[in-house]
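Below: the structure, in structure tokens.
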Amino acid sequence: MLTIDRLRMQLPPSFRDRAGEIARLVGEELATTVSVEGDLHLDRLAVPSVEVSPQATDREVARAVAQSIHTGIRNETR
């Protein structure tokens with residue numbers, strides 16, 4: 001199981017009112033894409049910025065963020 005104690009996202013002004021929903025959807029996306037075997041504890045995971053269209057839906061933004069997090073976790077466990 002993956003547990004994230006704190007998720008810090010920096011969003012452009014046009015996305016800030018949507019931050020809560022995007023964060024919730026990131027959790028949903030991670031629940032379906034990240035599988036962690038055994039115990040893994042990371043104090044911090046910094047991932048690169050993601051680029052999405054200004055017209056991107058909350059789900060599309062969340063999917064891009066979740067993919068970046070997933071890649072970061074995979075890189076840490078190699």
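The values are calculated or read from the model by the stated rules, or taken from the named source; none is laboratory data. This is a predicted model, so every value here is computed, not measured. A quick note on method: Cβ atoms are made from the backbone with ideal geometry, for glycine too, and the neighbour counts reach across all protein chains shown.
Please enumerate the residues belonging to segment 47-71 that are loosely packed, with under 13 Cβ neighbours inside 10 Å and in a loop (DSSP other than H, G, I, E, B). Quick ask: steps written out before the conclusion?
So the first thing to find is which residues in segment 47-71 are loosely packed, with under 13 Cβ neighbours inside 10 Å, and the list is 48-49, 51, 53-55, 71.
Hits for segment 47-71 are PRO48, SER49, GLU51, SER53, PRO54, GLN55.
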Give me the pairs: first residue in segment 31-46 and farther than 12 Å from ILE4 by Cα and assigned to a helix (DSSP H, G or I), second residue of a type in the set (A, V, I, L, M) and modelled with pLDDT of 75 or more, beta-carbon distance under 7 Å, and six or more apart or on different chains, which are they? THR33/ALA66
Considering only residues that are assigned to a helix (DSSP H, G or I) and of a type in the set (Asp, Glu), look in segment 1-30 and name the one that is surrounded by the most Cβ atoms within 10 Å (Cβ to Cβ). GLU29
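Being under 12 Å from the mean Cα position of the chain (by Cα) and not small (Gly, Ala, Ser) is the filter; apply it to segment 33-57 and report the residue that is farthest from ARG78 (Cα to Cα).
So the first thing to find is which residues in segment 33-57 are under 12 Å from the mean Cα position of the chain (by Cα), and the list is 33-34, 45-50.
After this cut, where a residue has to be not small (Gly, Ala, Ser) as well, the list is 33-34, 45, 47-48, 50.
Details: THR33: 17, VAL34: 14, LEU45: 14, VAL47: 16, PRO48: 18, VAL50: 22 Å.
That would be VAL50.
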Give me the pairs, please: first residue somewhere in segment 1-25 and more than 13 Å from LEU42 (Cα to Cα), second residue anywhere and assigned to a loop (DSSP other than H, G, I, E, B), beta-carbon distance under 7 Å, and either six or more positions apart or on two chains. SER14/PRO54; ALA19/MET9; ALA19/LEU11; ALA23/LEU7; ALA23/MET9
